[in-house]
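Notes follow once the structure below has been shown.
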Amino acid sequence: MDIQFANVRHTWIAPAALLAALALGACTTSPHRVVVAAKEVKLSELVNSRVEFTGVVQGPGELGDYITISGNRVYLDTLQVGDRNGQRATVSGWLRHFQPPTAAECAKGCENANVPAHYWIEDGKITTSAPAQ
């Protein structure tokens, strides 16, 4: 009978320890941040998604200040970069894409017909910056 009691006690201790560990993990107030090494990404697959990019702030370009991601300029929209030009910065916000209207769509005239296709960060913010290396 003592052996059975010992087995029952052992059976309940392991799940209790597991539940305690899970409960402590659930008390975390902020999510874990996973940083993936830079790689080529298809920006077209990220359009209308919340993104975070790190790159060197450059500009002003044709449409304002920008960072280069996978060979594409990603404009910083109305984001105030201040004196960060030439510095590495992490920018977060919504990735958007503008595709200019076709000639057929502009047969009767249209706005922005001469604006080139481009990506930009909407509602962005610079979360960090450091000298470019």
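The values are calculated or read from the model by the stated rules, or taken from the named source; none is laboratory data. Just so we're clear, the structure is a prediction, and the values are computed from it rather than from any experiment. Ideal geometry is used to build each Cβ from the backbone, glycine not excepted, and the neighbour counts take in all protein chains shown. We work out accessible area using only protein heavy atoms, side chains counted, and drop any ligands, DNA or RNA first. Shrake-Rupley method; radii C 1.70, N 1.55, O 1.52, S 1.80 Å.
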Next on the checklist: Please list Arg88, Arg96 from largest to smallest accessible area, probe radius 1.4 Å, with all protein chains kept in place.
Outcome noted: Arg88, Arg96
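Only four residue types carry charge here, +1 at the Cβ of Lys and Arg and -1 at the Cβ of Asp and Glu. Report the dipole size of segment 48-92 about the Cα centre in Debye, rounded to the nearest 20. Walk me through the intermediate numbers first.
On the way: 4 positive and 5 negative charges, 28 e Å.
It works out to roughly 140 debye.
I'd like the FRET efficiency for Thr78 and Ala107, computed as 1/(1 + (r/R0)^6) with the beta carbon distance as r and R0 of 30 Å, rounded to 0.05.
Numbers: r = 32 Å, r/R0 = 1.06.
Approximately 0.40, to the nearest 0.05.
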Next on the checklist: Just to be sure I understand the model, the point goes 7 Å from the Cα along the line to the Cβ. What's the resulting Gln99 to Glu40 distance in nm?
Outcome noted: 2.2 nm
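Rounded to the nearest 0.05, what FRET efficiency is calculated for Asn85 and Asn114 with R0 set to 35 Å and r the Cβ-Cβ distance? Walk me through the numbers before you get to the answer.
Details: r = 26 Å, r/R0 = 0.74.
Calculated transfer efficiency: 0.85.
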Item to check | Label-to-label distance, nm, for residues given as Thr68 and Val47 (7 Å Cα→Cβ offset) | outcome: 2.3 nm
Checklist entry - Counting Lys +1, Arg +1, Asp -1, Glu -1, what net charge surrounds Asp77 among other residues with beta carbon under 14 Å of its beta carbon? => result -1
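Which whole-number value in Å² is the accessible area per residue of segment 51-133, probe 1.4 Å? Don't skip to the end; give the middle numbers.
On the way: 4930 Å² over 83 residues.
Heavy-atom SASA per residue in segment 51-133 reads 59 Å².
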